[in-house]
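Colleague: This is the structure, below, for whatever I ask next.
The values are calculated or read from the model by the stated rules, or taken from the named source; none is laboratory data. Source: prediction; values computed, not measured. In this analysis, Cβ positions are derived from the backbone assuming ideal geometry, glycine residues included, and neighbour counts consider all displayed protein chains.
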Amino acid sequence: MRPGSRIPLVIVVAAVFATPAHAHAEFAALGGFWSGVVHFLTGFERPSLVVALAIWAGAQTQRADAALVAVVALGAFASALAMGQRGEDAHSAFAPAVVALALVGGAGAVGVRADARTLLLAAAGCGALAGAVGVAEETISDRALAAIGVSLAAAAAAAYGLVAASFVAPWRHARVGLRLCAAAGAIAAAFCALGHSSICASG
C-alpha cells in the first residue's frame with residue numbers, strides 16, 4: 001500500500017469512530033443486515049477490541065487463525081441474536097467491553113504469550129461483547145439478519161487484523177507499530193473508564 005493511499009483509510013476509520021452513539025437509532029433505519037454491520041462499526045470499543053485481539057493472536061507462535069475468526073463470528077452472532085431489542089443490556093455491555101479492550105490491548109502491546117485454547121476463549125468473550133449491540137429489529141428474521149451483519153463485520157475485523165499481523169511479521173519496526181496500535185487501544189479504554197474520552201460515549 002502506497003503511503004498516500006493510507007490517508008483516505010485513516011479518514012474513514014476516524015469518521016466511523018467519531019460517530020456519536022445517538023446516531024445508532026438513525027442507522028437502524030437501514031434495517032436487517034446493514035443495520036447490524038453499522039451498529040458494530042459505530043462504537044469505538046467493539047471494533048477496537050476485535051482488532052486488538054487479532055494483533056495479540058497474530059503475535060503468537062502457536063496460531064489458529066481460522067478457528068479464531070470463526071469463534072469471534074459465532075460469539076458475536078449469538079450475542080446479537082440473544083440481545084435482541086434490549087437496549088439497556090447493550091448499554092451495560094459497554095463497561096465490560098472497555099475493560100476487555102484494556103486487557104487485550106495491553107496483552108498485545110507487551111506481547112503476552114498464550115496458547116491456542118486461551119486465545120479461542122478470549123475470542124469467544126470478545127465476540128460476545130462485540131455482538132452486544134442491542135439491534136432494534138422487530139421480527140426474528142430481521143434480528144437474525146442484523147446478527148449476521150454484526151458477526152460478519154466482527155469476523156472481517158479479526159481477519160484483517162490477523163492478515164496485518166502476518167504481513168508485518170518479517171519487519172521488526174512494523175511489528176512494533178502494531179503493538180503500539182494495541183497499546184493505543186488499551187490507553188483509550190483506560191481514559192474511557194475514567195470518563196475522560198468522548199470517543200467512547202456509550203449512549
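Colleague: Among the residues of the stretch 157-181, write down those that are part of a helix (DSSP H, G or I) and at pLDDT below 80. Walk me through how you get there before you give the answer.
Modeller: Going residue by residue through the stretch 157-181, those that are part of a helix (DSSP H, G or I) are 157-168, 172-181.
Those that are part of a helix (DSSP H, G or I) and at pLDDT below 80: Arg172, His173, Ala174, Arg175, Val176, Gly177, Leu178, Arg179.
Colleague: Hey, does the stretch 102-121 have a residue that's within 28 Å of Gly32 (Cβ to Cβ) and in a helix (DSSP H, G or I)? Step through it out loud before you land on a result.
Modeller: From the stretch 102-121, those within 28 Å of Gly32 (Cβ to Cβ) are none; that's our starting set.
No, the stretch 102-121 has no match at all.
Colleague: Further question on the same structure: The conditions are (1) at pLDDT 85 or above; (2) at positive phi, and Val69 fails exactly one of them. Which is it?
Modeller: (2)
Colleague: Only one of Gly127, Gly149 is crowded, with 16+ Cβ neighbours inside 10 Å, closer than 17 Å to Ala107 by Cβ and at pLDDT 80 or above. Can you tell me which? Please lay out each step first, then the result.
Modeller: Details: Gly149 fails: closer than 17 Å to Ala107 by Cβ.
Residue meeting the stated conditions: Gly127.
Colleague: Also: Give just the number: which of (1) surrounded by 14 or more Cβ atoms within 10 Å (Cβ to Cβ); (2) at pLDDT 70 or above; (3) within 15 Å of Gly106 (Cα to Cα) does Ala193 not satisfy?
Modeller: (2)
Colleague: Is one or more of the residues making up the stretch 49-59 at pLDDT 90 or above, under 13 Å from the mean Cα position of the chain (by Cα) and more than 15 Å from Val163 (Cα to Cα)?
Modeller: Yes.
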